[in-house]
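*Asks:* Right, I'll just put the structure down here and ask away after.
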């Protein structure tokens, strides 16, 4: 985790401001971290995921295991629902309530952290954010909060860029939307947490 202090950032024609300190994972959640959750909780990861290959998209069973060849690689093929289940388990394990615990970053937090150099977007993954998908960011919150009103129900934002895209094509402004139950070889997640100061 790395902390990003409060402040302002202008990017992509938007001014953003954080009035709190954000802790965010320096890297996406690793396969070994996600595996610990699956084994300890008995969480059901059975089901189909979509994996990119030389011939296009293919359906693959147990993809999160098969497509994370090393325990120290970012976990892939996890849905927004899977990520939220992991976070619920992690917070319970650490004795943290939802308000003070780990969560998915908002799209604005992700952009803020990436724009301030706190996180690299080089792992070849789109990353889940808490926000619901809106085609335009014109009315999006600029204070770091997740945009959870309106939008396309059950579809959440991904930030970064999957490994099927050219490295130079991945920009902070890049965004995508996927159904909350979508598992894909180009989607992972990282954790965030609002730091409370006394």
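The values are calculated or read from the model by the stated rules, or taken from the named source; none is laboratory data. None of these values were measured; they are calculated from a predicted model. Cβ atoms come from the backbone with ideal geometry, glycine included; neighbour counts cover every protein chain shown.
To keep it simple, each residue is scored yes or no on (1) modelled with pLDDT under 85; (2) over 19 Å from residue 76 (Cα atoms); (3) within 17 Å of the chain's Cα centre (by Cα).
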| residue | (1), (2), (3) |
| --- | --- |
| 103 | no, no, yes |
| 110 | no, no, yes |
| 113 | no, yes, yes |
| 151 | no, yes, no |
| 155 | no, no, yes |
| 162 | yes, no, yes |
| 183 | no, no, yes |
| 197 | yes, yes, no |
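*Asks:* Here's a follow-up. If you check residue 101 against the conditions, is it under 26 Å from residue 195 (Cβ atoms) and either touching a helix residue (DSSP H, G or I) at 6+ places or on another chain (Cβ under 9 Å) or free of Cβ contacts under 8 Å to residues at least 12 places away in the same chain (or both)?
*Replies:* yes
*Asks:* Moving on to the next point. Suppose we keep only residues that are assigned to a loop (DSSP other than H, G, I, E, B), in contact with a helix residue (DSSP H, G or I) (Cβ under 9 Å, 6 or more places away or on another chain) and over 19 Å from residue 76 (Cα atoms) within segment 115-138. Which one would you say is modelled with the highest pLDDT?
*Replies:* 137
*Asks:* Here is a further query. Filter segment 1-13 down to the residues that are outside any strand (DSSP E or B) and either touching a strand residue (DSSP E or B) at 6+ places or on another chain (Cβ under 6 Å) or on the phi < 0 side of the Ramachandran plot (or both) and list them by number.
*Replies:* 1, 5, 6 - these are the residues of segment 1-13 that are outside any strand (DSSP E or B) and either touching a strand residue (DSSP E or B) at 6+ places or on another chain (Cβ under 6 Å) or on the phi < 0 side of the Ramachandran plot (or both).
*Asks:* Taking residue 15 as the residue in question, decide whether it is touching a residue at least 40 places away in the same chain (Cβ under 8 Å), over 17 Å from the mean Cα position of the chain (by Cα) and under 25 Å from residue 118 (Cβ atoms).
*Replies:* Yes; evaluated as a whole, the condition is true for this residue.
*Asks:* Same structure again: Against the condition more than 26 Å from residue 6 (Cβ to Cβ), touching a helix residue (DSSP H, G or I) at 6+ places or on another chain (Cβ under 7 Å) and surrounded by fewer than 21 Cβ atoms within 10 Å (Cβ to Cβ), how does residue 73 come out, does it pass?
*Replies:* Here the answer is yes, as residue 73 does meet what is asked.
*Asks:* On to the next question. Identify the single condition in (1) surrounded by 19 or more Cβ atoms within 10 Å (Cβ to Cβ); (2) over 20 Å from residue 74 (Cα atoms); (3) in contact with a helix residue (DSSP H, G or I) (Cβ under 9 Å, 6 or more places away or on another chain); (4) at pLDDT 95 or above that residue 144 does not satisfy, given that it satisfies every other one.
*Replies:* Unmet for residue 144, out of (1) surrounded by 19 or more Cβ atoms within 10 Å (Cβ to Cβ); (2) over 20 Å from residue 74 (Cα atoms); (3) in contact with a helix residue (DSSP H, G or I) (Cβ under 9 Å, 6 or more places away or on another chain); (4) at pLDDT 95 or above: (4).
*Asks:* Name the residues in segment 34-43 that are surrounded by fewer than 18 Cβ atoms within 10 Å (Cβ to Cβ) and either in contact (Cβ under 8 Å) with a residue 12 or more places away in the chain or touching a strand residue (DSSP E or B) at 6+ places or on another chain (Cβ under 9 Å) (or both), would you?
*Replies:* Once the filter is applied, which keeps residues that are surrounded by fewer than 18 Cβ atoms within 10 Å (Cβ to Cβ) and either in contact (Cβ under 8 Å) with a residue 12 or more places away in the chain or touching a strand residue (DSSP E or B) at 6+ places or on another chain (Cβ under 9 Å) (or both), segment 34-43 yields 35, 40, 41, 43.
*Asks:* Among residues belonging to segment 58-70 that are at pLDDT 80 or above and over 16 Å from residue 181 (Cβ atoms), point out the one that is surrounded by the fewest Cβ atoms within 10 Å (Cβ to Cβ).
*Replies:* Only one residue fits best here, namely 70.
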